[in-house]
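S.K.: Attaching a single structure in structure tokens format; questions to follow.
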Amino acid sequence: MFGMSERERSEATGLPGSGLVKGLAVTLKTMTKRSTTAQYPDVAPELPPRSRGVIALLEENCTVCMLCARECPDWCIYIDSHKEEVSVPGAARARQRNVLDRFDIDFSLCMYCGICIEVCPFDALYWSPEFEYAEYDIKDLLHDKDHLGEWMATVPPPPAHDPNGEPAKEQTAAARKAAVPGAPTARPTTPAVRPERRPVPPRADDEGTPA
């Protein structure tokens, strides 16, 4: 009895079988409630709007910057590319651009942290709520760029902007330009006025020295 709390003392000195009665009371209370079992897969679950199912790739937005592969903590993103020369009319020389050859995500290693989607500067990766892509072979969980591109059809549209929120910088700049249609795009350049140069008085040690 030493070191026991008041509740433990009362339970220890109670009638035999009182714990069983309490357990049966909880069972009877649960039996009277309606079952809330989800009838999956017959009934599709109602997922939250920002659920993390599978990662989709918009290939034309990818610039092969490699940020997603570098920031991935599991190193489950594999990217290969090559450079092509693009001739620009009026340019002195041809320019180069990166062409995506391989973009694979190994979902057997992915922990769905979403860092790759957050760091992508050109919105090439998106979350899709689809989660039914289990495979019998673990090798099939390596999705290539074509497979990742197919998930774009399941990406939901972005949520509506909050009317009480702050507008985007692009919207603010566009509204400012539309408000003043005749305003010049660049600042007027005014010639800089230099102050007059004052003569420097001679020092004390220079007095009496011939010029």
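S.K.: Per residue, how much accessible surface does the range 1-141 expose to a 1.4 Å probe? Answer in Å², no decimals.
M.R.: Accessible area per residue, the range 1-141: 78 Å².
S.K.: Suppose R0 equals 22 Å; then what is the FRET efficiency for Asp74 and Ala153 from their Cβ-Cβ distance, rounded to the nearest 0.05?
M.R.: 0.25
S.K.: Same structure, new question: Compute the signed sum of charges (Lys and Arg +1, Asp and Glu -1) over the other residues within less than 15 Å, Cβ to Cβ, of Pro129.
M.R.: -2
S.K.: What's the ranking of 116-128, 136-148 by average number of surrounding C-beta atoms within 10 Å, highest first?
M.R.: Packing proxy ranking, top to bottom: 116-128, 136-148.
S.K.: For the range 127-173, which whole-number percentage of the solvent-accessible area (1.4 Å probe, protein heavy atoms only) is attributable to carbon and sulfur atoms?
M.R.: Ligands and nucleic acids excluded, carbon and sulfur give 56 percent.
S.K.: Next up: Find out how many positive minus negative residues lie around Asp104, taking Lys and Arg as positive, Asp and Glu as negative, among other residues whose Cβ is under 11 Å from that of Asp104.
M.R.: Residues close to Asp104 contribute a combined charge of -3.
The values are calculated or read from the model by the stated rules, or taken from the named source; none is laboratory data. Bear in mind that the values here come from a model prediction, so they are computed numbers and not experimental data. In this analysis, Cβ positions are derived from the backbone assuming ideal geometry, glycine residues included, and neighbour counts consider all displayed protein chains. What goes into the accessible areas is simple: the full protein's heavy atoms, side chains included, and nothing from ligands, DNA or RNA. Shrake-Rupley method; radii C 1.70, N 1.55, O 1.52, S 1.80 Å.
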